[in-house]
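Following: one structure in structure tokens, then a few remarks.
The values are calculated or read from the model by the stated rules, or taken from the named source; none is laboratory data. Everything numeric in this text was worked out from a predicted model, so none of it was measured. Cβ coordinates were reconstructed from backbone atoms using ideal geometry, including for glycine residues, and neighbour counts include every protein chain displayed. For the accessible areas, the whole protein counts, side chains as well, though only heavy atoms, and no ligand, DNA or RNA atoms are used. Shrake-Rupley method; radii C 1.70, N 1.55, O 1.52, S 1.80 Å.
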Amino acid sequence: MSKRPADDDDAAAALKAGQRPNAGAHDQNGLEFEDEFEDEYESEDEIIEAGVDGRPDAEREAEQNGDAMDVDSNNQTFIPGRSVLQPGQTLTPDPSTYEMLHPLSATWPCLSFDIVRDNLGDDRKSYPRTLYAVAGTQAESSRAKDNELYVLRLSSLSKMDRGDQTDSESDDESDDEGGSTEPVLESRSIPLPSTSNRIRMFQPATSQADPSQMPQTLTATWLENGQVMVHDVTPHLQSLSTPGSVITPAASKPLSTLRMHKDEGYALDWASPSLHPFGRLLTGDNNGQIYSTQRTEGGGWATDNRPFVGHTNAIEELQWSPNEKNVFASASSDGTVKVWDVRSKSRKPAVDMRVSATDVNVMSWSRQTFHLLATGADDGEWAVWDLRQWKPQEGGAAGKPSPVADFKFHKKPITSIEWHPTDDSVVGVGSADNTATLWDLAVELDDEEYGKETGLGLGEGAEKVPPQLLFIHHIEDCKEFHWHPQMPGTAMVTGGGGFSVFKTISV
């Protein structure tokens, strides 16, 4: 399924490959942190509304005492696909459930992005925080030349300002937090000739580990015109990290433009630098063809002109194995997931499994438990599969295997899925129902415990909310979700209305 924004009349609907976005009117260029209440508040940390309805502050504050995602002043938990907003009602997140929350808007929708590993250290837990990211724009068709690759630095990301803290709690955190600060957004841009379908970054293992320098960072961008452009954005990152650094005009030129595909596509993945130190890239298109491109030791690019074939519809997702350098998996609109060995002369899949009756939109291979693969489909179901149970077979896709876990909580297409980088039981999921949800597969409750623990007030006979569901974050037309690899529990998500950077109290 496409990752493009929906029309204004149907913002939550997922678009299919080939449809064009309607971005609406955009009068100014640039990106900025949202400040819906700049006349009332001094800090971004107090932006806690999902919408503006003109109600008195007292009424709005009363709502915040309920559970996360309350519906107006009824203190009801909003459950996507089950709860219905009445006229005049809006969603407001409960600030007590967030440790950090910052919204960000852009001139054009950026419905694909990737978080960049930086030189600030791993396992960062102190505030304020800084993160780097890359994103590709989706300008409206009549202004295709306005498309850009954004290189972003978000800094001074402070913790939620909790007015109900005790003096002792405040004193305990004062040294660590440095006080509430205004978030700062800085960006550099590279012109692109077309809309971005997907963007992914790669950091070669061969780059020098100079702590004063940003790691060498390459990006691959799938464009609507059928090309894949590779850039080195290291100078742009360094200019954001080190004031005074100069970006030469040549730095914005692509290292390579790949033109082997006959149609546009969305599937894109770099192999792990530990397995392919110089860089190896997979790209899949809407014709069902997959190509492999390698970066040579001298910095050149070599594409194998023999595509991997076997899918009967668009390739939606590609994932290299995290521990086997010659193995990758593909997910397709034909409802199958296939596992391939790049050494195969036949260019045919080694394993072929039908996992859904609808499009398989997204997929994530666990970096902690190598035999676990998560998929998300067009019918709203997402599932976890044990690859040890998948066996090679002949004669087409095998019948649907039994998943380790599957969830039908979302009622609209799954648009993103990603394993937590260090916790092999936690998964982030994005859906076209305007939410990003966090799950913990390690949670197990029996029926008696389930009834006591959920307490969601859904009424007798209502569909149960899975106990593994930890959190629901609202974002319009949710498209991509990513965990930050160096700040535990910190996530970034994008949709038709912009970005959100957040950390919950549950992960």
Here are the criteria: (1) within 21 Å of the chain's Cα centre (by Cα); (2) within 17 Å of A271 (Cβ to Cβ). Tell me which single one Q216 does not satisfy.
(1)
Quick count over region 192-211, residues being farther than 13 Å from D118 by Cβ, in a loop (DSSP other than H, G, I, E, B) and in contact (Cβ under 8 Å) with a residue 40 or more places away in the chain, is 7
With the structure loaded, tell me whether L218 is surrounded by 18 or more Cβ atoms within 10 Å (Cβ to Cβ), hydrophobic (A, V, I, L, M, F, W, C) and at pLDDT 95 or above or whether it fails that test.
yes
Among strands (runs of 3 or more DSSP E) entirely inside region 231-315, those with 3 or more residues being within 16 Å of L149 (Cβ to Cβ) and either modelled with pLDDT of 95 or more or among the aliphatic types (A, V, I, L, M) (or both) are 256-258
So F370 passes all but one of these: (1) more than 16 Å from I315 (Cα to Cα); (2) touching a residue at least 60 places away in the same chain (Cβ under 8 Å). Which condition number does it fail?
(2)
Starting from residues that are of a type outside the set (V, I, T) and more than 10 Å from F481 (Cα to Cα), keep the ones in region 420-433 and report whichever is surrounded by the most Cβ atoms within 10 Å (Cβ to Cβ).
A432
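Yes or no, residue by residue, for (1) without any contact (Cβ under 8 Å) to a residue 12 or more places away in the chain; (2) not aliphatic (A, V, I, L, M):
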site	(1), (2)
Q213	no, yes
V230	no, no
P243	yes, yes
L255	no, no
W270	no, yes
When the residues of region 334-382 are filtered to those that are part of a strand (DSSP E or B) and open to solvent by 30 Å² or more (accessible area, probe 1.4 Å), which remaining residue is nearest to N287 (Cα to Cα)?
R354
Which count do you get for residues in region 103-115 that are in contact with a helix residue (DSSP H, G or I) (Cβ under 9 Å, 6 or more places away or on another chain) and surrounded by fewer than 24 Cβ atoms within 10 Å (Cβ to Cβ)?
2
Where the second residue is open to solvent by 20 Å² or more (accessible area, probe 1.4 Å) and among the hydrophobic types (A, V, I, L, M, F, W, C) and the first is touching a residue at least 60 places away in the same chain (Cβ under 8 Å) and under 18 Å from Q368 (Cβ atoms) and lies in region 321-334, which pairs have Cβ atoms under 8 Å and are six or more apart or on separate chains?
none
For T415, state whether it is open to solvent by 20 Å² or more (accessible area, probe 1.4 Å) and touching a residue at least 12 places away in the same chain (Cβ under 8 Å).
no
Under 9 Å by Cβ, and 6 or more places apart or on different chains, what pairs join a residue from region 276-291 that is over 20 Å from K345 (Cα atoms) with one that is open to solvent by 30 Å² or more (accessible area, probe 1.4 Å) and aliphatic (A, V, I, L, M)?
H276/A205; P277/A205; F278/A205; N286/A17
State whether one or more residues within region 498-507 are open to solvent by less than 60 Å² (accessible area, probe 1.4 Å), at pLDDT 95 or above and aliphatic (A, V, I, L, M).
yes
The condition from (1) out of contact with any His (no Cβ under 8 Å at 6 or more places or on another chain); (2) assigned to a loop (DSSP other than H, G, I, E, B); (3) of a type outside the set (S, T, Y) that A220 misses is numbered (2)
Show the residue pairs that are 6+ apart or on different chains and have beta-carbon atoms under 8 Å apart, the first residue being within region 76-88 and of a type in the set (D, E) and open to solvent by less than 70 Å² (accessible area, probe 1.4 Å), the second being in a strand (DSSP E or B) and at pLDDT 75 or above.
none
Give the residues of region 250-288 that are open to solvent by 20 Å² or more (accessible area, probe 1.4 Å) and among the acidic types (D, E), sorted by residue number.
D263
